[in-house]
Amino acid sequence: MKKREFIKVSGLAALGLFCQTPAMKALTKNTAYALPEMADSSEAFWEEVRKGYDLPDAFINLENGYYCVQPLPVLHACERHMAALNREGAYYMRTRQLEDKKRIAEQLCSVAGCEPGTLMITRNTTEALDLVISGFPWKAGDEAVMADQDYGAMRDMFKQVAARHGIKLVSVSVPNHPKSDEELVALYEKAITPNTRLLMVSHVINITGQVLPVRKLADMAHAKGVQVMVDGAHAFAHIRFKLSDLNCDYYGCSLHKWLSAPLGAGFLYVRKDHIPELWPLMAESESVPKTDILALNHMGTIPAHIQLSIEDALGYNIKLGWERKEARLRFLQRYWTDKVRHLPDVILNTPVEEERTCAIANVGIRQYTPAALAEVLFKKYGIYTVAIDTPSVKGCRITPNVYTRLKELDVLVAAITELAKGK
């Protein structure tokens, strides 16, 4: 099939008015992204998309939740940025680095749907949210609420802060199959006391793929005077949303996940009036006002080519189309989960409702520990996954990406079916 530059109006429609900003207009003029000349979402289209990836032949990668590999246009752009940076050296770092960083941050603001000057580029979600946890103006006796299912790195930072500042940590357990949003809101609300200062919520729970009702949780917490920090590691460029609609105070994500930027890229959003309240991880010069998001963003000398590549990853995703991408990811998850959900001894740790899921799901088989299941899937069937073994979730996280073929998921379905039958 012939390939050429693919620019589809519907692919940009999901950005709404944000496409009209100068930052986004610059992105859509980029001509480096070759995508198939097809306007539908047929299997032929996705097969052409797959050709834009360099993938291993030795195994089926269904662990894209850790790191979504870059499509070749983004990978090659990163290589060009690295070569150019190496060629110009200190000249680039001293003359254009900060200007480029500001431009890319504005582009991220446009796509994420937040006010300019409230978002800064980080290396990952952990760095972003640990800055908030460690830099929050804690006082002894303050409380923080989180879930058992939240990411370990953030829970570990909360433990360190508790030891340093004498705060209390309160944890809830999110059900794998909630009956309603109201059940989830009531669960968190019950944990809040007059001493609660900060609520941490996962936008998409990393071990199960469950999408939480962030706006409802934020509204409830704000009504009680509690600030809300959202772990969006698995949400940005995966499911469609605008930060302005979530009503949260802080939001962190990793761009090397669903945006498929190079490893070591993320962002942190901070509501404007909270910026002066946070202590940065590393001190910035006094010449930067405390009201400026850059006052929180001192990182020392960084691999600038990684940040430059964020722009290329944004451009690729825009032309692929946010709506089409989300629909495909959700379809891939439902393609295999619908085939195994009702098999005897198979446990799906992910909700069935469409609004509560997208690409990620977690499956267990009663006869297998998570580690044993992951091992047999890889050694016998050539399927790479990750084992999740917690008190509430026991199984393997299955995370396809846009390049995943249906016949690869058929291998997964056949494997689960055989293993559940004891074969």
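The values are calculated or read from the model by the stated rules, or taken from the named source; none is laboratory data. Not measured: the values here are computed from a predicted model. Counting neighbours? That spans all protein chains shown, and the Cβs are built from the backbone with ideal geometry, glycine included.
Are there helices (runs of 4 or more DSSP H) fully within the range 63-112 with at least 3 residues that are over 30 Å from Lys51 (Cβ atoms) and without any contact (Cβ under 8 Å) to a residue 12 or more places away in the chain? List them.
Correct list: 90-95, 97-112.
So Asp345 ticks every box in (1) in contact with a Lys or Arg (Cβ under 6 Å, 6 or more places away or on another chain); (2) closer than 30 Å to Pro71 by Cβ but one. Which box is left unticked?
Of (1) in contact with a Lys or Arg (Cβ under 6 Å, 6 or more places away or on another chain); (2) closer than 30 Å to Pro71 by Cβ, only one is false for Asp345: (2).
Can you pull out the residues in the range 121-174 that are under 29 Å from Ile104 (Cα atoms), of a type in the set (D, E, K, R) and without any contact (Cβ under 8 Å) to a residue 40 or more places away in the chain?
Of everything in the range 121-174, nothing turns out to be under 29 Å from Ile104 (Cα atoms), of a type in the set (D, E, K, R) and without any contact (Cβ under 8 Å) to a residue 40 or more places away in the chain.
Looking only at residues in the range 390-412 that are hydroxyl-bearing (Ser, Thr, Tyr) and within 20 Å of the chain's Cα centre (by Cα), which one is surrounded by the fewest Cβ atoms within 10 Å (Cβ to Cβ)?
Within the range 390-412, the match that is surrounded by the fewest Cβ atoms within 10 Å (Cβ to Cβ) is Tyr403.
Starting from residues that are touching a Phe, Trp or Tyr at 6+ places or on another chain (Cβ under 6 Å) and modelled with pLDDT of 95 or more, keep the ones in the range 298-342 and report whichever is surrounded by the most Cβ atoms within 10 Å (Cβ to Cβ).
This residue is Tyr316.
Determine whether Lys190 is assigned to a loop (DSSP other than H, G, I, E, B) and over 21 Å from the mean Cα position of the chain (by Cα).
Numbers: assigned to a loop (DSSP other than H, G, I, E, B): no; over 21 Å from the mean Cα position of the chain (by Cα): yes.
The answer is no for Lys190.
Checking the condition outside the structural domain of Arg164 (by TED's automatic domain parsing) and either at pLDDT below 95 or in contact with a strand residue (DSSP E or B) (Cβ under 9 Å, 6 or more places away or on another chain) (or both), which residue from Tyr66, Tyr53 passes? Write out each step before concluding.
Values: Tyr53 fails: either at pLDDT below 95 or in contact with a strand residue (DSSP E or B) (Cβ under 9 Å, 6 or more places away or on another chain) (or both).
Exactly one residue qualifies, and that residue is Tyr66.
Looking for something under 18 Å from Thr208 (Cβ atoms) and in a loop (DSSP other than H, G, I, E, B) - is there at least one such residue anywhere in the range 404-418? Please lay out each step first, then the result.
Residues of the range 404-418 under 18 Å from Thr208 (Cβ atoms): 412, 416.
Now drop any that are not in a loop (DSSP other than H, G, I, E, B), which leaves none.
Scanning the range 404-418, I find no residue that is under 18 Å from Thr208 (Cβ atoms) and in a loop (DSSP other than H, G, I, E, B), so the answer is no.
Which is in a strand (DSSP E or B), at pLDDT 95 or above and out of contact with any Ser or Thr (no Cβ under 8 Å at 6 or more places or on another chain), of Leu198, Leu217?
One residue alone meets the criteria, Leu198.
Do the conditions hold for Glu375, that is, is it surrounded by fewer than 17 Cβ atoms within 10 Å (Cβ to Cβ), within 15 Å of Val346 (Cα to Cα) and at pLDDT 95 or above?
For Glu375, the condition - surrounded by fewer than 17 Cβ atoms within 10 Å (Cβ to Cβ), within 15 Å of Val346 (Cα to Cα) and at pLDDT 95 or above - is not met.
Report, by residue number, each residue of the range 233-268 that is more than 12 Å from Ile310 (Cβ to Cβ) and in a strand (DSSP E or B).
Tyr250, Tyr251, Gly252, Leu268
For the range 136-152, give me the residue count where each residue is surrounded by 17 or more Cβ atoms within 10 Å (Cβ to Cβ) and outside any loop (DSSP other than H, G, I, E, B).
Residues in the range 136-152 being surrounded by 17 or more Cβ atoms within 10 Å (Cβ to Cβ) and outside any loop (DSSP other than H, G, I, E, B): 5 in total.
Mind listing whichever residues of the range 153-179 are in a loop (DSSP other than H, G, I, E, B) and either at negative phi or buried (at least 19 other Cβ atoms within 10 Å of the Cβ) (or both)?
Ile167, Ser173, Val174, Pro175, Asn176, His177, Pro178, Lys179, listed by residue number.
With the checklist (1) farther than 17 Å from Ile104 by Cα; (2) charged (D, E, K, R); (3) in contact with a helix residue (DSSP H, G or I) (Cβ under 9 Å, 6 or more places away or on another chain) in hand, flag the one item Asp292 doesn't pass.
The one condition Asp292 does not meet is (1).
Have a look at Met120, Met93, Met82 and point out the one that is modelled with pLDDT of 95 or more, closer than 22 Å to Leu278 by Cβ and either surrounded by fewer than 17 Cβ atoms within 10 Å (Cβ to Cβ) or among the hydrophobic types (A, V, I, L, M, F, W, C) (or both).
Going through Met120, Met93, Met82 in turn, the sole match is Met120.
Here is a yes/no grid of residues against (1) in contact with a helix residue (DSSP H, G or I) (Cβ under 8 Å, 6 or more places away or on another chain); (2) among the basic types (Lys, Arg):
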residue: Pro351; (1), (2): no, no
residue: Ala372; (1), (2): no, no
residue: Tyr384; (1), (2): yes, no
residue: Arg397; (1), (2): no, yes
residue: Arg405; (1), (2): yes, yes
residue: Thr417; (1), (2): yes, no
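Are any residues in the range 292-325 part of a helix (DSSP H, G or I), farther than 24 Å from Ala77 by Cα and in contact (Cβ under 8 Å) with a residue 40 or more places away in the chain, and if so, which ones?
Matches in the range 292-325: Ile293, Leu294, Leu296, Glu323.
The rows are residues; the columns are (1) touching a Lys or Arg at 6+ places or on another chain (Cβ under 7 Å); (2) more than 16 Å from Glu63 (Cβ to Cβ); (3) among the aromatic types (Phe, Trp, Tyr).
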{"residue": "Gln367", "(1), (2), (3)": "no, yes, no"}
{"residue": "Pro370", "(1), (2), (3)": "yes, no, no"}
{"residue": "Leu373", "(1), (2), (3)": "no, no, no"}
{"residue": "Thr390", "(1), (2), (3)": "no, yes, no"}
{"residue": "Gly395", "(1), (2), (3)": "no, no, no"}
{"residue": "Asn401", "(1), (2), (3)": "no, no, no"}
{"residue": "Thr404", "(1), (2), (3)": "no, no, no"}
{"residue": "Lys407", "(1), (2), (3)": "no, yes, no"}
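Has the range 224-247 got at least one residue that is hydroxyl-bearing (Ser, Thr, Tyr) and surrounded by fewer than 24 Cβ atoms within 10 Å (Cβ to Cβ)?
Yes, the conditions are met somewhere in the range 224-247.
Residues in the range 359-403 that are more than 23 Å from Tyr67 (Cβ to Cβ) and part of a loop (DSSP other than H, G, I, E, B): how many?
6
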